[in-house]
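As structure tokens, the structure follows; a few thoughts come after it.
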């Protein structure tokens with residue numbers, strides 16, 4: 001826990017040296033990218049190639065408002081490298097706040113990525129997914145099996161992102177609400 005506090009204390013604080021697993025794994029992704037991997041590979045590719053259309057999205061703005069108004073007394077928006085954690089709690093718990101359970105697998109793996117990333121720095125913490133509108137929480141731990149699964153996901157993400165062209169369009173039930181809709185279907 002001391003290491004985690006030192007990592008977030010100030011932007012001027014030097015990051016500790018990551019383990020060789022972090023370096024060899026090339027953990028250069030954001031939590032958003034991990035989330036998009038489970039939502040839509042095309043969206044992941046477009047976002048990863050600097051086409052960020054989410055800034056003006058009504059759904060993203062609603063999520064941001066929920067994040068800002070929920071858990072008001074917590075230490076929010078903690079950035080550690082490319083990882084941005086919603087809030088921290090004593091005892092080494094990291095928390096991620098989400099609006100709905102619609103993309104629960106994407107939410108789970110985003111939080112697992114944060115746990116995996118921190119473990120690469122020798123910080124072993126637990127996580128909690130919060131769905132304040134549903135009054136529901138989900139505890140998350142990075143088990144050995146989940147860590148192996150995360151490594152497979154990260155390898156597949158590297159393949160998707162390194163493609164010269166975006167992946168083919170794959171119609172999903174939520175496409176119409178996506179910020180990237182016009183790039184795919186118009």
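The values are calculated or read from the model by the stated rules, or taken from the named source; none is laboratory data. Keep in mind the model is a prediction, meaning the values are calculated, not measured. Using ideal geometry, Cβ is built from the backbone for each residue, glycine included, and neighbour counts are taken over all protein chains shown.
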Inset, instruction - Restricting attention to segment 146-167, report how many residues are closer than 13 Å to residue 44 by Cβ and not in a helix (DSSP H, G or I). - result: 3
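Yes or no, residue by residue, for (1) farther than 22 Å from residue 48 by Cβ; (2) surrounded by 19 or more Cβ atoms within 10 Å (Cβ to Cβ):
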residue: 80; (1), (2): no, no
residue: 100; (1), (2): yes, no
residue: 110; (1), (2): no, yes
residue: 132; (1), (2): yes, no
residue: 138; (1), (2): yes, no
residue: 145; (1), (2): yes, no
residue: 151; (1), (2): no, no
residue: 159; (1), (2): no, no
residue: 178; (1), (2): no, yes
Inset, instruction - Check off (1) surrounded by fewer than 16 Cβ atoms within 10 Å (Cβ to Cβ); (2) at pLDDT 85 or above for residue 37 and give me the number that stays unchecked. - result: (1)
